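Structure first, commentary second.
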Amino acid sequence: MAFTYRKQHLFAEDVDCEALAQQYGTPCYVYSRKAMESALEEYHKALKGCEHLVCYAVKANSNIAVLDILARCGAGFDIVSVGELERVIAAGGDPGKVVFSGVVKRPDEMRRALQVGIRCFNVESEAELEVLQAVAAQLQVQAPVSVRVNPDVDAGTHPYISTGLRENKFGVATDAAMALLRRAKTLSNIDVTGLDCHIGSQLIDMSPLLDALQQLLLMVDTLEAEGIHIRHLDLGGGIGVRYRDEQPPAVADYIAAVREALGDRDLALVFEPGRSIVANAGVLLTRVHYLKETDAHSFALVDAAMNDFIRPALYQAWVDIQPTGPSDAEPRLWNVVGPVCETGDFLGKDRELAIAPDTLLAIHGAGAYGFVMSSNYNTRPRAAEVMIDGDSAHLIRERETIEDLLRGEHRLPQ
């Protein structure tokens, strides 16, 4: 476990979280290198003996130190913007292990990705394919392409993170994907390499994932009969994590089921995990400043807010919130809320906590879609990020200053 209590004090690996808060201030994101490496190794171990590439979804947590750690462990990367591509390169990642997803890839983004030699574009529309052909022709290169299939499979997750239904903006329906692949095969600067499918995030049941896989395999077989050889399947990410009482499938069990379904087909496997690599490798530390009683609720007013960690407000996500040390206070129900001027600014409601002013709290499961979704709303500087490696702490992002926020803005001339 990356975060454990020792004599009632929360430790990140071998470092006391209270000491981290004292050194780096709050709010502060704290990550465990060991937890990230162990989560990635689960995928590599389950895929041993099979041609594969584990492409970490950069959008989950894009800090360069995180990308550096995963690149050293053999990860590829799933990106959705040229900015994420530049992060991967800055972190020492191999562009040849990058897949480029996303529904709006601009020509300049395509050009840069082709210049550095990424592994594959996950194409999501006919219009995108035609633009990619034009850009590749200008550069006189071949653009490796996988078509993202929208299988109309209900992932059974929050609608904001469901991506595989007919009404979602992602990918193309099965019949349209077949037509798109046939068209791609005729284009001079397009190299058809694979099929891609990602149906959503935080999946607890692997049945929808396997249902989508069966649709892809039918397409593979049909295309093979037409002389279009698919070399890899990109099955996306989506495996859930435990935030409260969820029981997500083990990575090993899911991949074993995928490998069994493949049979004797000669296909490399690509996965795009994000949340399952970093979510439980991180906590957000926040300090209680005031306790406020009203007729309706008891509020614990903390220094982290929805601009620091938006998942509870945006997705109604439940995350575990616990004091990092012992307290003499009596446990009672609290709404944990921040300073942002919005009623929706909450981190947890009706939590039984023994707290007092100055209590340090840890918001668990904050390694994914935490800092990366933070903003400067209410002119609030974004938090520091710290990586723990055994008994060492490394500042991997400095806390922003007000000067950082104002830089680049200008008053009008007189």
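The values are calculated or read from the model by the stated rules, or taken from the named source; none is laboratory data. From a predicted model like this one, the values you see are computed outputs, not experimental measurements. Note: ideal-geometry Cβ built from the backbone for every residue, glycine included; neighbour counts use all protein chains shown.
Here are the numbers for the structure shown:
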{"read-out": "Count of residues meeting criterion [under 25 Å from I199 (Cα atoms) and either in contact with a Pro (Cβ under 9 Å, 6 or more places away or on another chain) or touching a residue at least 12 places away in the same chain (Cβ under 8 Å) (or both)] in region 112-129", "value": "12"}
{"read-out": "Residue within region 6-17 that is surrounded by 15 or more Cβ atoms within 10 Å (Cβ to Cβ), in the same structural domain as A362 (by TED's automatic domain parsing), part of a loop (DSSP other than H, G, I, E, B) and in contact with a helix residue (DSSP H, G or I) (Cβ under 9 Å, 6 or more places away or on another chain) present", "value": "yes"}
{"read-out": "Subset of region 324-363 (residues that are out of contact with any strand residue (DSSP E or B) (no Cβ under 9 Å at 6 or more places or on another chain) and surrounded by 16 or more Cβ atoms within 10 Å (Cβ to Cβ))", "value": "V340"}
{"read-out": "Residue tally, condition of a type in the set (A, V, I, L, M), over 19 Å from G274 (Cα atoms) and either in a strand (DSSP E or B) or touching a helix residue (DSSP H, G or I) at 6+ places or on another chain (Cβ under 8 Å) (or both), over region 214-258", "value": "7"}
{"read-out": "Subset of region 272-296 [aliphatic (A, V, I, L, M), surrounded by 24 or more Cβ atoms within 10 Å (Cβ to Cβ) and not in a strand (DSSP E or B)]", "value": "I277, V278, A279, A281"}
{"read-out": "Strands (runs of 3 or more DSSP E) contained entirely in region 297-355, each with at least 1 residues that are under 23 Å from T379 (Cβ atoms)", "value": "298-302, 332-337, 346-353"}
{"read-out": "Subset of region 39-53 (residues that are farther than 16 Å from E260 by Cα and acidic (D, E))", "value": "E41, E42"}
{"read-out": "In region 85-111, the residues that are surrounded by 18 or more Cβ atoms within 10 Å (Cβ to Cβ), without any contact (Cβ under 8 Å) to a residue 60 or more places away in the chain and either of a type outside the set (A, V, I, L, M, F, W, C) or closer than 17 Å to C73 by Cα (or both)", "value": "R87, V88, A91, G93, P95, K97, V98, G102, K105, E109"}
{"read-out": "Qualifying residue in region 195-212 (condition: in the same structural domain as A39 (by TED's automatic domain parsing), touching a Cys at 6+ places or on another chain (Cβ under 8 Å), more than 30 Å from F309 (Cβ to Cβ) and at pLDDT below 90)", "value": "yes"}
{"read-out": "Test result for V220, of a type outside the set (S, T, N, Q), in contact with a Lys or Arg (Cβ under 8 Å, 6 or more places away or on another chain) and over 30 Å from E13 (Cα atoms)", "value": "yes"}
{"read-out": "Selection count where residues are more than 10 Å from Y29 (Cα to Cα) and outside any loop (DSSP other than H, G, I, E, B), scope region 365-387", "value": "2"}
{"read-out": "Qualifying positions in region 326-375 - among the hydroxyl-bearing types (S, T, Y), under 17 Å from Y5 (Cβ atoms) and free of Cβ contacts under 8 Å to residues at least 60 places away in the same chain", "value": "S327"}
{"read-out": "Given (1) touching a Phe, Trp or Tyr at 6+ places or on another chain (Cβ under 8 Å); (2) in the same structural domain as R311 (by TED's automatic domain parsing), index of the condition I79 fails", "value": "(2)"}
{"read-out": "Residue in region 18-44 that is nearest to N61 (Cα to Cα), counting only those that are touching a helix residue (DSSP H, G or I) at 6+ places or on another chain (Cβ under 7 Å) and outside any strand (DSSP E or B)", "value": "M36"}
{"read-out": "Lone unmet requirement of (1) in contact (Cβ under 8 Å) with a residue 12 or more places away in the chain; (2) more than 17 Å from A368 (Cβ to Cβ); (3) among the β-branched types (V, I, T) for T4", "value": "(1)"}
{"read-out": "Region 115-143, subset more than 24 Å from the chain's Cα centre (by Cα) and among the β-branched types (V, I, T), residue farthest from T174 (Cα to Cα)", "value": "V141"}
{"read-out": "Qualifying position, being at pLDDT 95 or above, hydroxyl-bearing (S, T, Y) and either touching a Ser or Thr at 6+ places or on another chain (Cβ under 7 Å) or outside the structural domain of T286 (by TED's automatic domain parsing) (or both), among T359, T379", "value": "T359"}
{"read-out": "D320 vs. criteria modelled with pLDDT of 95 or more, within 18 Å of Y290 (Cβ to Cβ) and surrounded by fewer than 17 Cβ atoms within 10 Å (Cβ to Cβ)", "value": "no"}
{"read-out": "Leading residue by the ranking (nearest to G344 (Cα to Cα)) among those in region 304-317 that are of a type outside the set (A, V, I, L, M, F, W, C) and buried (at least 19 other Cβ atoms within 10 Å of the Cβ)", "value": "P312"}
